[in-house]
Amino acid sequence: MVKEEWFAEWFDSPYYHILYKDRDESEAEGFIDHLLNTLDPPTGSCMLDLACGKGRYSRHLASKGYDVTGLDLSAQSIEFARQFEHERLHFFTHDMREPFREAAFDYVFNFFTSFGYFEEETEDLQTLKNVAHSLKPDGTFVLDFFNAHYVRQRLTGPEHREINGIVFDLRKKQEDQHVVKTIRFADGHKHYFFEERVRLFELSDFERLFELAGLNILRTYGDYQLQPYNWMESPRLILVANQTTL
C-alpha cells in the first residue's frame, strides 16, 4: 500500500537532500534569469515561490530586487530557509491546498515539477484555484512541469547512485496515470524505502484544470531555454497564465 502524503515524509527527510544535493543549480538559476528577462517584472514586484523547498530560488529572485515570499510544506526546509530572511524575503510553512493571501502577488511561480503530487485531482484543482486567488488582477502564474510524453518515452531501468557512502537503488515506472520512482537504501543497519509519485498531466489536462480554476494559459514553452513546446520532443511543459477576464 502506498503511504499517504508521500511528499510530506520524503521532502522532510535528510536523505532527500542527500540524494539530490548534486543537482545543477546553475542551470536552474539560468532558467529563472531567462524567464525574468522574458517576463520583465518591474523592480519591487511581489512574487510567490510556491513549493520553495529550502528557498534557494526565492533567494535568487529576492537578489534581483523583488519582494519574495516562499511557501513549502516541509517544516525543516522552511526552518533552514528562514536564516536568509530579510525585508524583501520571507518564508512560511504552508500547504498549497490551502488559500494564502488574496490578491497579493504580481507573480506566482511553481518551479521544477512541484505539482501533481496529490492522489485526487480535486486537490490539484484546489491548488490552482488558490493560485488564482493569490494573484493580483493583472498577475502572472508560471508553472514548470515535465512533459509527460517525454517522461513516458524515457523511463529507464534500475539506477544505483552512491552519495555520502549511501547506495541509493532507484527505479522508475508508470503506474496508472502516475510516474513512480522508488528509492531504497540502507544507512547503518536501518533500511529505508520512499516513493515519489507525480501525475502525468498532459497539456490538455492543464488546459481543462486552468479553465476550471479561472486561469488563462497565454504561452507554453518546452525547455529551460524557453523554446516552443513540442509534445513529442520537449523535456518540459512550462505554462504562463493569468486570471481569466470575466
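Scanning the range 202-221 for residues that are more than 12 Å from LEU143 (Cα to Cα) and open to solvent by less than 50 Å² (accessible area, probe 1.4 Å) yields ASP205, LEU209, ALA213, GLY214. Kindly indicate whether GLU121 is of a type in the set (Asp, Glu) and free of Cβ contacts under 8 Å to residues at least 40 places away in the same chain. Criteria not met by GLU121.
Close contacts from the range 14-37, counting a first residue that is farther than 20 Å from ASP223 by Cα and a second that is open to solvent by 40 Å² or more (accessible area, probe 1.4 Å) and outside any helix (DSSP H, G or I), with Cβ to Cβ under 6 Å and a gap of 6+ residues or different chains, come to ILE18/ASN164.
When the range 163-193 is filtered for residues that are open to solvent by 20 Å² or more (accessible area, probe 1.4 Å), assigned to a strand (DSSP E or B) and in contact (Cβ under 8 Å) with a residue 40 or more places away in the chain, the ones remaining, listed by number, are ASP187, TYR192. For LEU73, the conditions (1) open to solvent by 40 Å² or more (accessible area, probe 1.4 Å); (2) aliphatic (A, V, I, L, M); (3) touching a Cys at 6+ places or on another chain (Cβ under 8 Å) are fulfilled apart from (3).
Okay, residues lined up against (1) open to solvent by 30 Å² or more (accessible area, probe 1.4 Å); (2) part of a loop (DSSP other than H, G, I, E, B); (3) out of contact with any Asp or Glu (no Cβ under 6 Å at 6 or more places or on another chain); (4) farther than 22 Å from LYS181 by Cβ:
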{"position": "SER77", "(1), (2), (3), (4)": "no, no, yes, no"}
{"position": "GLN83", "(1), (2), (3), (4)": "yes, no, yes, yes"}
{"position": "PHE92", "(1), (2), (3), (4)": "yes, no, yes, yes"}
{"position": "GLU102", "(1), (2), (3), (4)": "yes, yes, yes, yes"}
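Selection within the range 21-57: residues that are in contact with a helix residue (DSSP H, G or I) (Cβ under 9 Å, 6 or more places away or on another chain), in a helix (DSSP H, G or I) and at pLDDT 90 or above. The member of this set that is most open to solvent (accessible area, probe 1.4 Å) is ARG56.
The values are calculated or read from the model by the stated rules, or taken from the named source; none is laboratory data. Because the structure is a prediction, the values reported are computed rather than measured. Note: ideal-geometry Cβ built from the backbone for every residue, glycine included; neighbour counts use all protein chains shown. Accessible surface areas use protein heavy atoms only, side chains included; no ligands, DNA or RNA. Shrake-Rupley method; radii C 1.70, N 1.55, O 1.52, S 1.80 Å.
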